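Before we start, here is the structure in question, set down as structure tokens.
Only the coordinates and a few stated rules stand behind these numbers; no lab work does. These numbers were taken from a predicted model, which means no experiment stands behind them. Virtual Cβ from ideal backbone geometry, glycine too; neighbours counted across all protein chains shown.
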Amino acid sequence: MRYATLMWRRSGLPELFFAQQRALHSSRILSSEEGLKCDGAKIEKNQEECDVAIVGGGMVGLALASSLSSMPLTKHLRVAVIDDSPFLASKGYLKRDQMPDSRVSTVTPATINLFKEIGAWEHVLHQRHAFFDQMQVWDYTGLGYTRYNARDVGREYLGCVVENKVLCNSLLLSLQKKEGFENKICPTRLASMTLPSEVNHSKFAKLNLTDGGTLHAKLVVGADGSKSRVREAAGIKTTGWNYPQSAIICTVEHSSQNHCAWQRFLPAGPIALLPIGDNYSNIVWTMSPDQATQHKSMDKDKFVNSVNHALNNGYGPHPESSSLSNLLDSITGTAMSTKEKFEVPPRVLGVVSNIMAFPLGLKHANNYAVKNIVLVGDAAHTVHPLAGQGVNLGFGDVSDLARVLAEGVSVGADISQLTLLKKYERQRKTANIPMMAVLDGFQRVYSVDFWPLNILRATGFHAAQYIPPLKKNIISYAMGDQKFPLFS
Amino acid sequence: MAMRSFLRSRRSLSRSLLQPDLLRNPNPNPNYVSRSLIPALLPLRSYSPASDPTTKNPIRDAATDEINGFKSSLNPIEVAKFAAIAETWWDPEGPFKPLHLMNPTRVSFIRSTLCRHFRRDPYSPRPFEGLKILDVGCGGGILSEPLARLGAVVTGIDAVEKNINIARIHAASDPSTSSIDYTCMTAEDLVRENQKFDAVISLEVIEHVAEPLDFCKSLGALAVPGGAVVISTINRTMRAYATTIVAAEYILNWLPKGTHEWSKFVTPEELTLILQRASVSVQEMAGFVYNPLTGNWSLSDDISVNYIAFGIKESSSDSEKTRTVAEQKTDFVS
Ligand SMILES: Cc1cc2nc3c(=O)[nH]c(=O)nc-3n(C[C@H](O)[C@H](O)[C@H](O)COP(=O)(O)OP(=O)(O)OC[C@H]3O[C@@H](n4cnc5c(N)ncnc54)[C@H](O)[C@@H]3O)c2cc1C
Ligand SMILES: C[S@@+](CC[C@H](N)C(=O)[O-])C[C@H]1O[C@@H](n2cnc3c(N)ncnc32)[C@H](O)[C@@H]1O
């Protein structure tokens, strides 16, 4: 009752407010008629202005754009995605009759949740993808293996493999469906950037684009991959190293569908066989750069033989129960019955894509945030593809950044202010750095062919196989829903 | 009693430790902020009339300068202190760092209480759209700016001209805050102009004014009937005292002169009764707790150090009633 006197005020809003709103409308750049063009309405100063400029429309950049446009507290933000990839002009689903692309990602349940929240998962389900409920990791020495099953963690599946282009397409579709979202994809690239300074008393960073245009943005998000231009322009240094290793990737065919993720550790590094839907699997195979060059130019039959050799009959015997596992049984008190039987991976019949080779390395930005700038995805951290975590870390960045920005908006903060962006940095570093350390440790342990180490890692597999809580934690960690694997 | 004499000896000790050149260089130690807990929030009064009878008491002079029944809230020494560090308002690592750190927490309290009171959508990015809000003692605009981004039509006033200039320049650089109306004046000046606001907010100011009761009466007078009044300050408890002493030890490194007038801090009970006299009934109160490990503040029900109160200005018939009731109560302000 006491409030009644105040209610009229809503309709009697001061003229000032409407004037402000008008000014806001005239300065917006992202009107729907403009479609994908960047050269739309100009504000007085003949410059374009937005709240968030996302440089890079890869998986991570698109996910952030879509996430910001989904949340009630951030959907009013004027967001621009800058990327000249022709892919971003596409509409509708990808044609299913094409062979699966060799660049794929293993998405974790945490990533799937993000996709569901932003309305992109339904589009993935309409396109090619492969859930797997089993995972087998073993060692060429025949000393150890471990087989994970989704049942062990009370889930229906352990992960899902999706082609990167399907993930991108689904995110793009979810973005195109957002209503009232003043969103624009600018088909151009970032050339250089001027940060706001105390001198010009401006809140906006100025982006110079390769098409000659400029864009002014309060917050610039570097989602432009491992060679990030934004990171360089912001003067953010990285720490990292290259491994003396390369990965080759390709798509292969079987006689029937594969439902398990397979990984075997060989003297020069691991080979992984991931289901990708229909009768296809994806191969990520780590080896020396020389071997990689060799394999890249091999004729296809020879390559297929080499793959089958690496996955099954080459290097050493299949692992079976040994004195080592009996020893572990007695230490841990676990019975053999909890153990799942070793299985032989499905035969590869042919290669159906190009064979690509990538040098491997690990790179981590020393800062994820400086004033007006944040980094997400590979721009902030690049990991080798061993554990299939690369893009999942990036999607984790997206969830956290979107949440931090929404919290900022809810308390009227300036979204470019450093205290806010540092909060994102703190959250992500605590999530990413341990994961990177684990991956680097993996790399070091598994890339050396040295007997004592071989026994050690075989013991590691056995321990993981036999001690259910540990195994459970490792799976949860790999699935992206747990902070740290060993201490919980 | 024992505590009071301890306080007094503490005060003279701190004065003797101060060197005059600290006046010109208030910040010799660049790391002081991270170690001090709440330096910028603490009121500093250099000389009390009792301890230095030769000095003319500016507090009393200002307080007796009564206009239209609304006494001046100015405490010139306090005002001078803020003028001296005005340039540092927006330095997140400067003397006002604690206010910057506390800000999201206090805005979230204001957001939730005002959304509930004015029936605004808590999920809206601009829930205060069109609400007229007054920020009394706005300083550099640390609170005014978020209020404007949340949609409010904000007026910010402060007794220090320098603060207002800083606030104006800072707000002008962002279109979402450029509409804030900043003026150098006191709450009493605005009362004389007969201005009214949907919400009157004054954070970390009451401990710096000449007379809390007069100040609150001005705040109450500026709110429309049914409007909101929000005040935050420091409690007068042993814990707050300990905190101020800890802070003081660091402050000794950088603040000109003076010590904390702990006895002038207002307790939540007193604030509630003072506001009652100003026709504002307190509805909700929360404490801010500081976690030195994370450097974060959060809302809690521990109001023993920093606290914030939300009240509603009564419509005139209500207030007549309560005022008489309040007046019958014992005189709690010494
Ligand atoms: C061989 C290999 C296998 C991998 N396997 C897996 C796996 O199994 N699972 C997994 O999770 N991850 C895997 N990864 C990692 C994964 O591919 C990356 O983490 C992911 O692509 C990062 O996404 P992003 O959006 O951050 O960057 P990118 O995908 O690199 O996207 C960057 C985008 O920015 C654009 N861009 C760049 N510069 C500019 C500029 N100046 N202006 C405008 N736009 C610009 C580019 O056009 C591009 O679209 C693998 C990586 C490799 C190399
Ligand atoms: C600790 S600061 C708080 C600033 C701001 N309210 C905030 O919380 O971010 C106190 C401010 O109150 C101002 N002030 C002190 N006495 C005042 C008075 N009597 N009237 C108006 N402002 C006053 C000071 O100039 C200073 O800017």
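Greater than 28 Å separation of Cα atoms is the criterion. Which listed pairs, B:Lys71/B:Lys162; A:Lys116/A:Lys296; A:Lys429/B:Lys81; A:Lys203/B:Lys196; A:Lys363/B:Lys97; A:Lys206/A:Lys237, meet it?
Going by Cα-Cα distance, A:Lys116/A:Lys296; A:Lys429/B:Lys81; A:Lys203/B:Lys196; A:Lys363/B:Lys97 fall outside the 28 Å limit.
With θ set to phi - 60° and the Karplus curve 6.51 cos²θ - 1.76 cosθ + 1.60, what are the ³J(HN,Hα) couplings of the range B:91-101 in order, to the nearest whole Hz, using x for Gly and Pro?
So the Karplus estimates, Gly and Pro as x, are 7, x, 9, x, x, 9, 3, x, 5, 4, 5 Hz.
How would you rank A:Lys91, B:Lys162, going from fewest to most other Cβ atoms within 10 Å of each one's own Cβ?
On the way: A:Lys91 8, B:Lys162 17.
Final ranking by Cβ density, sparse to dense: A:Lys91, B:Lys162.
Summing +1 for each Lys or Arg and -1 for each Asp or Glu, what net charge is found among the other residues whose Cβ lies under 13 Å from the Cβ of A:Ala247? The partial results should precede the final answer.
Working: positive: A:Arg103, A:Lys296; negative: none.
My count for the surroundings of A:Ala247 gives +2.
Please work out the Cα center distance from the range B:118-175 to the range B:291-308, rounded to the nearest Å.
23
Quick check: pseudo-label points 7 Å beyond the Cα along Cα→Cβ at B:Arg192 and A:Glu407, how many nm apart are they?
Going by the 7 Å Cα→Cβ label model, 4.5 nm.
Output the peptides A:67-76, B:142-151, A:298-307, B:190-199 sorted from most to least packed, where packing is the average of other Cβ atoms within 10 Å over each peptide's residues.
My ranking of the peptides, most packed first, is B:142-151, A:67-76, B:190-199, A:298-307.
Follow-up question, since we're still on this one. With +1 on the Cβ of every Lys and Arg and -1 on the Cβ of every Asp and Glu, and nothing else charged, how large is the dipole of the range A:181-288 about its Cα centre, in debye rounded to the nearest 20? All intermediate terms of the calculation are to be shown ahead of the outcome.
Details: 10 positive and 7 negative charges, 83 e Å.
That gives the range A:181-288 a dipole magnitude of about 400 debye.
Send over the Kirkwood Rh of the range A:200-325, from the inverse of the averaged 1/r over different Cα pairs, rounded to one decimal Å.
Taking every pair of different Cα atoms in the range A:200-325, averaging 1/r and inverting gives 19.0 Å.
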